[in-house]
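The values are calculated or read from the model by the stated rules, or taken from the named source; none is laboratory data. Keep in mind the model is a prediction, meaning the values are calculated, not measured. When we count neighbours, we look across all protein chains shown, and the Cβ atoms used for this are built from the backbone with ideal geometry, even at glycine. For the accessible areas, the whole protein counts, side chains as well, though only heavy atoms, and no ligand, DNA or RNA atoms are used. Shrake-Rupley method; radii C 1.70, N 1.55, O 1.52, S 1.80 Å.
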Amino acid sequence: MPEVLAYAADDTTTQFHRTTISLREPGPGEIYFDVKYAGICHSDIHTARGEWGPKKYPIVPGHEIAGIVAAVGEGVTKFSVGDKVGVGCMTNSCGQCEYCNAGYEQFCVGTEGGLPGTLWTYGDDADGNPTAGGYAQGFTVSERFACHIPDEIPFETAAPLLCAGITTYSPLKRYEAGPGKKVAIVGMGGLGHMAVQIAAAMGAEVSVISQGRSKEADALKFGAKHFYATSEEGTLESLAGTFDLIVCTVSADDLDYTAFIRTLKPFGTFVDVGLPEHPSKIHLAALCGGNKALAGSQIGGIAQTQEMLDFCAQNGIAPQVEIIGGEDITAAYDNVVASKVRYRYVIDTATF
Ligand code: NAP
Ligand code: ZN
């Protein structure tokens, strides 16, 4: 079994330290790759800090993973040694249920005698052993759950596409962001800065709604036409009836969702992808006038993840990242929570 260096946290205080983990040799249909880069998603922080319920420790997070294939198991057809490869939030599913068959492996409900449902990239102990994620120098995975990273995408920036990219691409595609559509992205962090670039490349007229003005120049550079700051009084009121589609990426608990819903046009849709820790209060009556819709979206299937990677390559889209070392992970978590990251921390595993 390959032994590799990794960074783990031992409890919800998320003080990361270097450790060693054992990975399985690639079995039939599996690949083993050297992890080169791993993004820090806000979901890693929610998870490792126990904000979504208790986890087993030590935990090695990381579900935005980019690497180079180092070994292939028997029968592997999709990858060869030396290929650039990406893995996101899931590493297996039953492959037979109605959701797997429809390309939504993230909603796998399992099959009798097979996997009980989606296997998540880290901290999932469906088989009794918590899985380890991408803050490590290696990873073993079924080739079905790995994607090709196109050469056009600068490799050191690619990892965040595997979660932030697909999580925003999927609802933008489903709700038809495109020419003639006014799309607002709420919160411009890791997910939000990808949403702006993708929606603009799809041809939509993009607005960013941020807490303050500090990200305005970047938003325009990413392709937004308009920028609004909720810190300025009356901002949302002045936007009443403006947007066809809103994608909300905010992770905080205290957002005034009702005020955002009022900025939709009739027949507009508010899609949430942010995952706050606590329940939120919404005045549902705001949906009725104008037949508005409230929706959610969770990552995207594997085929759509490859489609998103190819879309980004074709449109010259890439995450804007700050490369950090293993020793910087602990501080990076606090910076993400304080909205200080521009716009995704990516761990260079060579620093381990
Ligand atoms: P992030 O980088 O921290 O970005 C969140 C952004 O929300 C911040 O940059 C900030 O943008 C805004 N924000 C933060 N606190 C706020 C507050 N109190 N009020 C209003 N806005 C606030 O996080 P991320 O990695 O993009 O993830 C965002 C959320 O999506 C997390 O909850 C994460 O767990 C979730 N997520 C969901 C999925 C899914 O499948 N649905 C996948 C991945 C992540 P501004 O500075 O522009 O205001
Ligand atoms: Zn994520």
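Counting only protein heavy atoms and a probe of 1.4 Å, the accessible surface of the chain is 50% carbon and sulfur.
Rg/Rh for segment 221-318 stands at 1.01; both radii use Cα atoms, and Rh follows the Kirkwood definition. Here the convex hull built on the C-alpha positions of segment 1-130 has a volume of 125 cubic angstrom per residue. Highest mean packing comes first when the peptides 190-201, 103-114 are listed by Cβ atoms within 10 Å, giving 190-201, 103-114. Please report the antiparallel percentage of the DSSP beta bridges confined to the chain, to the nearest 5. Bridges in the chain that DSSP calls antiparallel: roughly 55 percent.
Loop-located GluC sites (Glu not before Pro) in segment 21-75 (DSSP state other than H, G, I, E, B) with a sparse environment of at most 14 neighbouring Cβ atoms within 10 Å: Glu74. Here the translational diffusion coefficient of segment 121-223 follows from Stokes-Einstein with Rh set to the Kirkwood radius across Cα pairs; for 10 °C and 1.306 mPa s it amounts to 101 µm²/s. Could you check the spin-label model distance between Glu277 and Lys56? Points 7 Å from the Cα along Cα→Cβ, value in nm. The answer from the label model is 2.4 nm. Remark: segment 279-352 is approximated by an ellipsoid whose semi-axes, taken from the C-alpha gyration tensor as √(5λ), come to 34, 22, 11 Å, largest first. Quick one: if the Förster radius is 30 Å, what FRET efficiency do Thr351 and His148 give, using the C-beta to C-beta distance and rounding to 0.05? Efficiency at R0 = 30 Å is approximately 0.70.
Accessible area per residue for the chain, computed on protein heavy atoms with a 1.4 Å probe, is 42 Å². Considering only Gly241, Tyr333, Ile59, the residue lying farthest towards the positive end of the dipole of the chain is Gly241, judged by Cα position with unit charges set on Cβ. May I have the count of lysine pairs in segment 205-352 with C-alpha atoms under 21 Å apart, counting pairs 8 or more residues apart or located on different chains? Summing the qualifying lysine pairs gives 6. Counting only Cβ charges, +1 for Lys and Arg and -1 for Asp and Glu, the dipole size of segment 259-332 around its Cα centre is about 700 debye. Percentage of Cα-Cα pair distances in the chain greater than 32 Å, rounded to whole percent? It works out to 29 percent of all Cα pairs. Charge dipole (Cα centre; +1 on Lys/Arg Cβ, -1 on Asp/Glu Cβ; no other charges) of the chain amounts to roughly 920 debye. Computed about the Cα centre, the dipole magnitude for segment 16-86 is approximately 240 debye when only Lys and Arg (+1) and Asp and Glu (-1) carry charge, each at its Cβ.
Compared with the direct C-alpha span, the chain from Asn315 to Ile68 gains 86.6 nm at full extension, assuming 0.36 nm per residue. Using θ = phi - 60° in the Karplus curve 6.51 cos²θ - 1.76 cosθ + 1.60, the 3J(HN,Hα) couplings for segment 123-129 round to x, 9, 10, 4, 9, x, 10 Hz; x is entered for Gly and Pro. Take each peptide in 308-319, 131-142, count the other Cβ atoms within 10 Å of every residue, and average; sorted highest first, the result is 131-142, 308-319. For segment 163-305, the Cα gyration tensor yields ellipsoid semi-axes of 20, 18, 16 Å (square root of five times each eigenvalue, largest first, whole Å).
Think of the chain as a dipole: +1 on every Lys or Arg Cβ, -1 on every Asp or Glu Cβ, centred on the Cα centre; then among Ala199, Phe145, Gly300, Ala199 lies furthest on the positive end. Summed over qualifying helices (DSSP H, 4 residues or more, each -39500 (n - 2.57)) and divided by its residue number, the chain shows a 222 nm mean residue ellipticity of -5500 deg cm²/dmol.
Computed over segment 113-168, the Cα gyration tensor eigenvalues convert (square root of 5λ each) into semi-axes of 25, 13, 11 Å, ordered from largest to smallest.
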